[in-house]
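Q: Can you read through this structure? Questions will come right after.
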Amino acid sequence: MNASYEWLRAFVPFEQSPKELAELLTMRCATVEDVVPLRSDLNEILIAKVLTAVPHPNSDHLTLTTVDAGTGEPVSVVCGAPNVEAGATYPYAPVGSTLPGGLKLEKRKIRGETSNGMLCSARELNLGTDHEGILKLDTDAAPGSKFTDVMPVGGTRLVIDVLPNRPDLLSHEGIAREIAAATGKPMSRPEIPGAKPASVTLATSNKVTASIGNTVIQVNDSDGAPRYAAAIVTGVKVGPSPEWLARRVEDAGSRSINNVVDVTNYMLMGFGQPMHAFDLRKIKGGQVVVRRAAAAEKITTLDGKERTLNPDVTVIADATSPMAIAGVMGGRESEVTNETTDILLEVAAFNPKSVRATRRALGLSTDASYRFERGVDVDAIPHLLQYAVQMIVAVAGGSPMSPAVDVYAGSSARESIQLEGSEVRRIVGVDVPAAQIESGLIAFGFEVKKQGTAFSVTPPSWRSDVTECADLIEEVARLYGYDNIPDEIRPFRPGTVPDAPIVALSNRVRDSLIAHGLFEARPMPFVKESGMSTIRVANPLAEDEAYLRGSILESLSRRAEHNLAHMNGNVRLFEIGTTFGKASENGLPSENIDVAAVIMGLRRPVHFSEPQPPAYDQWDAKELAEVIATSAYPGANLTLVVSSHGFLWDILLDSERVGSVQQLSLDAPVWASPAFGVEMLLKPEAVKAAGMKYRGLPVTPAVEVDLALLVPENIVAEKMEASIRKNAGELLERLEVFDEFRGKGIADGFRSVAWRLTFRHPERTLKDKEIQGRSEKILKALDQELGAKRRV
């Protein structure tokens, strides 16, 4: 969304600079991505005062002037304009500056007199078409001041990233509401220069047919056009827009076309309501029909392209053919031209889903479709139509035909939402005073009624995104200010709800595979057509991957080939994702969550002790399958049997086949090692969900004890660990091996194993005697049970 800083100030008299306004909007409603000065090409132009002006001695049409440009010394400038006079102020381009057209000024002699720069006309500054005289300025600014700082020509554009849930911000009025609520300044619609009191009324009818003058409006597709209003203005004079209108349209990033079209663009950008003007005399049969297109019906749109329509497209037609594609673009045959004298102005609300489908089917996206897809304010249509008619009469003349028509069955009343102050405190984390909640929501346009300790809140018609209590609380938080909400860590009660079974299962498998040195890949689930993948996507991202995959190994195989193409033959990849099977009764493909892994290349990194490690083989793949299976289904009845499906092994869970181990066929160079893949179905229903367990963070100090033991070679660490844990008691928090040594000082048949024991009491500091006693007990038990003695 492009917003003009000056246009916003016409709605709300705020005092923030463009940069400050950008920060305000970013913190409250939408990110301002850029602040763009619109007339940076005028940055070098200065304010100058003409001190003297005399005829050029060698020319009868030139004037020799001395100019005060704020440099301390007057400079001479030769001027060819007839209106230059001493004592007046003009825009001045000094030597070395560049004019908007790209001309760089140099010091030069004109008819024997030196000219230092140039006094500029409106045309030379791209501020108008007048080239006969210099642009005389009405200002008291000191000579040498920047022209853009003094004159209202250097507008500023704010580039705002509006999210899909806030269609009300796709207009200057919507953004102005946020500014008014944030600053406390009053908001009003800009006055129309030269406008007369509104002279058109609106007749709303819930019938599908209405008349205005000799023109019949008939809405046959009320689903595609829930509300359709139209007004007729006769006797207009189409031509260039007045400066104020053209400047506002251009400051918002559009192009000034003519006064009538500019009004419709002004309403789109100013109020978020797309409008379209038809040449009334080009409407055949005196009928405007809102209907579905006929099969293969054609229309030439405003961009000059002929488009073929289908019956899902809503069109605005006359008695014979379509005149516009509803919500997307008008037609060439009925467009407003310089010869137009009578217009029909359309102001409507079109079905967002229908507009989106039409836009995608035709590959045609416009500013109008962008807004209709997100939804316009249906209730605002009557007064926006009156405002637009008033503006057309002000800039193009003519007489409106009254009453205008409005075909609308009416909408259901907006439902109120209950809001409790305690709920605000629970979610936001601070106490927001009830009076502040009430006044703030009212400032945003909500209707608020106090009901005891709660509020009954009705959202305004332009806030279709507010549907529940949480949405209201977000509004309160924005009003309160995100900067004012503390960010320190506060006490809270952890939830006891466990992860969803598939999440817990996936996390367990992922941790296990990462621990075994595999890297996770996350490709898109689209592949080429194959025996496993026959379900085609209706609108694929790419034609070479237009099918939903039936196996994750299809995706990982392509990733492996990509690695091989870049001379990397050592691949260890896995993915946990969705696979798609045959369509079910509802016509949709079945979906499963699988885990798959691919291994190829060297089993271990190259090391000086092993310059050529062995490559992965089928037994490594089988071991990897066992790792995946046991991490996914701990304690389950899992077996690997020789495959009867053409693979190496099948993975069985309680006699049900849930996966396979296979050798992959890749597009690989001759130097590549064989590639092996494992794929297995994840069935969360086969795993018993474990409850969440929490314990408090320790608040007492830990005591670490290191025990270096001389252990017979035949005693494994598992036996030592069991003995230590049994004799250390409940105070043992952690136990780990941190060293093993064989060599000088160690008798044959023995090795040195060092253990680190961490003790902690949850409520008090441990005493030295306690630790010493437990250590002696552990050493005695190790000696008696395993023949392990303390190394001294």
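Q: Ranked highest first by the average count of other Cβ atoms within 10 Å around their residues, in what order do 436-447, 726-737 fall? Before the final figure, lay out each step's value.
A: Numbers: 436-447: 17.3, 726-737: 14.0.
By packing density, highest mean first, the sequence is 436-447, 726-737.
Q: I need the per residue convex hull volume for the stretch 177-261, using only the alpha carbons, in cubic angstrom as a whole number.
A: Spread over its residues, the Cα hull of the stretch 177-261 gives 204 Å³ apiece.
Q: Considering the Cα trace of the stretch 600-741, what is its radius of gyration and what is Dmax, both in angstroms?
A: 22.2, 62
Q: Could you grab the relative contact order for the chain? Cα pairs under 8 Å, six or more apart, rounded to a whole percent.
A: 8 percent
Q: Take E520 and A86, extend 7 Å from each Cα along the Cα→Cβ direction, and tell me the distance between the two endpoints in nm.
A: It is 8.3 nm.
Q: Now for a separate question. What are the ³J(HN,Hα) values, in whole Hz, obtained from phi via the Karplus relation 6.51 cos²θ - 1.76 cosθ + 1.60 with θ = phi - 60°, for each residue of the stretch 133-149 in sequence order, with x given for Gly and Pro?
A: Result, rounded to whole Hz: x, 6, 6, 7, 10, 9, 8, 9, 5, 5, x, x, 5, 5, 4, 6, 7.
Q: Another one. Round to the nearest 10 and give me the degree value, 0 to 90, for the angle of helix 434-443's Cα axis relative to the longest principal axis of the chain.
A: The answer is roughly 50 degrees.
Q: Starting from the Cα of N338, move 7 Å in the Cα-to-Cβ direction to define the label point; list residues of the stretch 231-257 whose amide nitrogen is under 13 Å from there.
A: 238-241
Q: R536 label point, 7 Å along Cα→Cβ, cut-off 19 Å on backbone N: hits in the stretch 325-361?
A: In the stretch 325-361, the label zone of R536 (backbone N under 19 Å from the point 7 Å along Cα→Cβ) covers 361.
Q: Highest mean first, how do 269-277, 673-681 rank when packing is the count of other Cβ atoms within 10 Å averaged over residues?
A: 269-277, 673-681
Q: Report in % the part of the accessible area of the stretch 552-667 that belongs to carbon and sulfur, leaving out ligands and nucleic acids; probe 1.4 Å.
A: Carbon-and-sulfur percentage of accessible area, whole number: 51.
Q: Could you give the length gained by full extension between Q784 and E423, i.e. 0.36 nm per residue of separation minus their alpha carbon distance, to one decimal place?
A: Numbers: separation 361, 0.36 × 361 = 129.96 nm, distance 6.37 nm.
Using 0.36 nm per residue and subtracting the Cα-Cα distance, I get 123.6 nm.
Q: In degrees, nearest 10, range 0 to 90: what is the angle between the Cα axis of helix 768-786 and the longest Cα principal axis of the chain?
A: 50 degrees
Q: Now, a different point. Please work out the average accessible area per residue across the chain, using the 1.4 Å probe convention, and give it in Å².
A: For the chain, the per-residue accessible area is 52 Å².
Q: Same structure, new question: Can you tell me the mean projection area, over all orientations, of the convex hull of the stretch 250-375's alpha carbons? Units nm², please.
A: Computed as one quarter of the Cα hull surface, the answer is 7.3 nm².
Q: At what distance in nm do the modelled label points of T639 and D617 sit from each other, each positioned 7 Å from its Cα along Cα→Cβ?
A: 2.5 nm
Q: Efficiency by 1/(1 + (r/R0)^6): what FRET value for E33 and T139, r their Cβ-Cβ distance, R0 = 35 Å, to the nearest 0.05?
A: 0.55
Q: Mind pulling the per residue volume of the convex hull built on the Cα atoms of the chain? Å³ is fine.
A: Normalising the Cα hull of the chain by residue number yields 327 Å³.
Q: Let me ask you something else. Using only Cα atoms and rounding to the nearest 10 degrees, what angle (0 to 90) does helix 259-271 make with the longest principal axis of the chain?
A: Once rounded, the angle reads 40 degrees.
Q: Sticking with this structure for a sec: So if we plug the beta-carbon distance of K185 and A409 into 1/(1 + (r/R0)^6) with R0 = 41 Å, what FRET efficiency do we get, rounded to 0.05? Don't skip to the end; give the middle numbers.
A: Working: r = 38 Å, r/R0 = 0.92.
Calculated value: 0.60.
Q: Measure up K282/K353; K109/K136; K104/K136 against 28 Å on the Cα-Cα distance and list the ones that go over.
A: Beyond 28 Å: K282/K353.
Q: Grab the Cα-Cα distance for A195 and A565, subtract it from 0.36 nm times how many residues apart they are, and report the gain in nm with one decimal.
A: Here the segment from A195 to A565 would lengthen by 126.2 nm.
The values are calculated or read from the model by the stated rules, or taken from the named source; none is laboratory data. Bear in mind the structure is a predicted one, so any value in this text is a computation, not a measurement. Neighbour counts are summed over all protein chains in view; Cβ atoms, including those assigned to glycine, are modelled from backbone coordinates with ideal geometry. Surface accessibility is based on the protein's heavy atoms, side chains included, excluding ligands, DNA and RNA. Shrake-Rupley method; radii C 1.70, N 1.55, O 1.52, S 1.80 Å.
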